[in-house]
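The values are calculated or read from the model by the stated rules, or taken from the named source; none is laboratory data. Just so it is clear, the model here is predicted, and its values are computed rather than measured. Ideal geometry is used to build each Cβ from the backbone, glycine not excepted, and the neighbour counts take in all protein chains shown. For the accessible areas, the whole protein counts, side chains as well, though only heavy atoms, and no ligand, DNA or RNA atoms are used. Shrake-Rupley method; radii C 1.70, N 1.55, O 1.52, S 1.80 Å.
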Amino acid sequence: MAYILIFITAIFVNNIVLSQFLGICPFLGVSKKVDSAFGMGAAVAFVLTLATIVTYLIQKYVLEAFGLEYLQTIAFILVIAALVQMVEIILKKMAPALYQALGVFLPLITTNCCILGVAILVAGGTYATQGLEPNLLTGVVFALSTAIGFSLALAVFAGIREQLDMMDVPKGMQGMSIALVTAGLLAMAFMGFSGVDNGLKTLFGL
């Protein structure tokens with residue numbers, strides 16, 4: 001049940017974009033079309049999950065083992081950059097249309113604070129809920145749940161922006177202005193899930 005709590009909390013209660021405000025750049029940049037949003041969500045999910053596994057192992061068996069914790073940020077960024085490069089090569093060969101649609105935002109995953117933030121949270125074990133020890137398995141569950149939450153927010157926001165393109169928006173509010181207002185309203189909507197995690201903890205006796 002604790003895994004379910006991590007899953008629901010990461011997607012709805014502590015959504016990485018709408019609650020913790022990490023990964024705002026791709027959230028605003030690749031949310032004009034639903035297809036591109038799903039593609040970016042899939043790419044982030046793959047990189048985030050794989051990066052979490054690799055960075056966790058590096059943290060536990062290299063950095064902590066040799067007293068090099070101060071190199072955490074640099075080491076994690078290098079790992080994420082290598083994984084993004086691998087995803088870019090795969091997409092370029094297997095899905096060129098999606099590769100073109102993502103454009104410059106695919107390499108920007110390298111510096112996406114969403115990826116780095118989750119990797120640091122998992123390495124530090126600060127994400128784990130009460131009654132569940134932080135380890136590689138719970139870290140992967142948290143990373144995958146966070147990626148799903150990111151993809152959900154991105155897809156919903158893209159759908160809203162597609163609808164806005166067909167509406168008569170005042171000239172002064174067109175473009176990024178109405179997008180930021182919409183993002184704020186969407187974040188307020190997700191605030192409605194606040195307290196759900198406490199209710200689930202009570203229900204499951206955690």
Residue count for the stretch 132-145, restricted to those that are over 14 Å from the mean Cα position of the chain (by Cα) and either under 22 Å from residue 113 (Cβ atoms) or buried (at least 17 other Cβ atoms within 10 Å of the Cβ) (or both): 3
Any hit, the stretch 93-112, residues being at pLDDT 80 or above, under 14 Å from the mean Cα position of the chain (by Cα) and either outside any loop (DSSP other than H, G, I, E, B) or within 30 Å of residue 33 (Cα to Cα) (or both): no
Check on residue 148, in contact with a Leu (Cβ under 7 Å, 6 or more places away or on another chain) and open to solvent by 20 Å² or more (accessible area, probe 1.4 Å): no
Selected residue (only one of 88, 64 is among the charged types (D, E, K, R) and surrounded by 14 or more Cβ atoms within 10 Å (Cβ to Cβ)): 88
Some residue of the stretch 45-64 being acidic (Asp, Glu) and assigned to a helix (DSSP H, G or I): no
Residue match in the stretch 191-206 (condition: among the β-branched types (Val, Ile, Thr), open to solvent by 20 Å² or more (accessible area, probe 1.4 Å) and modelled with pLDDT under 80): yes
Residue in the stretch 144-156 that is modelled with pLDDT of 90 or more, assigned to a loop (DSSP other than H, G, I, E, B) and out of contact with any Lys or Arg (no Cβ under 6 Å at 6 or more places or on another chain) present: no
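One line per residue, one yes/no per condition, for (1) open to solvent by 70 Å² or more (accessible area, probe 1.4 Å); (2) more than 30 Å from residue 188 (Cα to Cα); (3) at pLDDT 85 or above:
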{"position": "5", "(1), (2), (3)": "no, no, no"}
{"position": "20", "(1), (2), (3)": "yes, no, yes"}
{"position": "26", "(1), (2), (3)": "no, no, no"}
{"position": "48", "(1), (2), (3)": "no, no, yes"}
{"position": "53", "(1), (2), (3)": "no, yes, yes"}
Members of the stretch 7-18 found to be assigned to a helix (DSSP H, G or I) and open to solvent by less than 50 Å² (accessible area, probe 1.4 Å), listed by number: 8, 9, 10, 11, 13
